[in-house]
Amino acid sequence: MKKLLVFYDQDCAFCRKCKNWLIRQPAYLELELLPMQARSVQMAYPELAEHDPGNNMIVISDTGLIYTGDDAWITVLWALKDWRDWANRLEQPALRPLARRFWQVISQNRHALSALIAEEASEEQVRESLDAAYSQAV
């Protein structure tokens, strides 16, 4: 595997912030970040619709494998030089449920996080929002 296509929601401020963060990360693999709403993307990758793109992170490898949700998140971390060790840890049976739950909390609250980002919330406000979301999820 040499390349990952990472699809993001261009209408979501949190997703755009994550995309910009990914662009700055040193990576072992080439990451191509594509807005899932683009007509050209929808035409080229009609299979995205099958994976609930409005609620799931979707990654496609150059070998044709499709990753969604926490699998996609861990795969992208695995592609990054500074995060591969964490991806390998999160893939282990003891931490996998934590990785899955973390991804669910982030995914379910990305619009609230987007609002905080748009308002340029402080780090403390973002932390409080995530703490509240996690408390509700548990």
Subset of the range 1-17, residues part of a helix (DSSP H, G or I) and surrounded by 17 or more Cβ atoms within 10 Å (Cβ to Cβ), comes to Ala13, Phe14, Cys15, Arg16
In the range 48-97, which residues are among the hydroxyl-bearing types (Ser, Thr, Tyr), outside any loop (DSSP other than H, G, I, E, B) and out of contact with any Phe, Trp or Tyr (no Cβ under 6 Å at 6 or more places or on another chain)?
-> Ser61, Tyr67, Thr68
So, in the range 18-70, of the ones that are of a type in the set (Val, Ile, Thr) and surrounded by 13 or more Cβ atoms within 10 Å (Cβ to Cβ), which residue ends up farthest from Leu4 (Cα to Cα)?
-> Val41
Pairs only if they're at least six apart or on different chains, beta carbon under 6 angstrom, first in the range 5-26 and closer than 12 Å to Trp73 by Cα, second part of a loop (DSSP other than H, G, I, E, B) and not charged (D, E, K, R); list them, first residue then second.
-> Phe7/Met36
Answer yes or no as to whether Val105 is within 17 Å of Leu33 (Cα to Cα) and within 13 Å of the chain's Cα centre (by Cα).
-> no
Among the residues of the range 82-89, is there at least one that is under 24 Å from His111 (Cα atoms) and surrounded by 14 or more Cβ atoms within 10 Å (Cβ to Cβ)?
-> no
Would you point out the residue of the range 89-108, among those that are more than 25 Å from Leu48 (Cβ to Cβ) and touching a Leu at 6+ places or on another chain (Cβ under 9 Å), that is modelled with the lowest pLDDT?
-> Leu98
For the range 50-77, what are the residues that are more than 25 Å from Val105 (Cβ to Cβ) and either in contact with a strand residue (DSSP E or B) (Cβ under 6 Å, 6 or more places away or on another chain) or not β-branched (Val, Ile, Thr) (or both)?
-> Ser61, Asp62, Gly64, Leu65
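The values are calculated or read from the model by the stated rules, or taken from the named source; none is laboratory data. Quick caveat, the model's predicted, so the values are computed rather than measured. We place every Cβ from the backbone using ideal geometry, glycine too, and count neighbours over all the protein chains shown.
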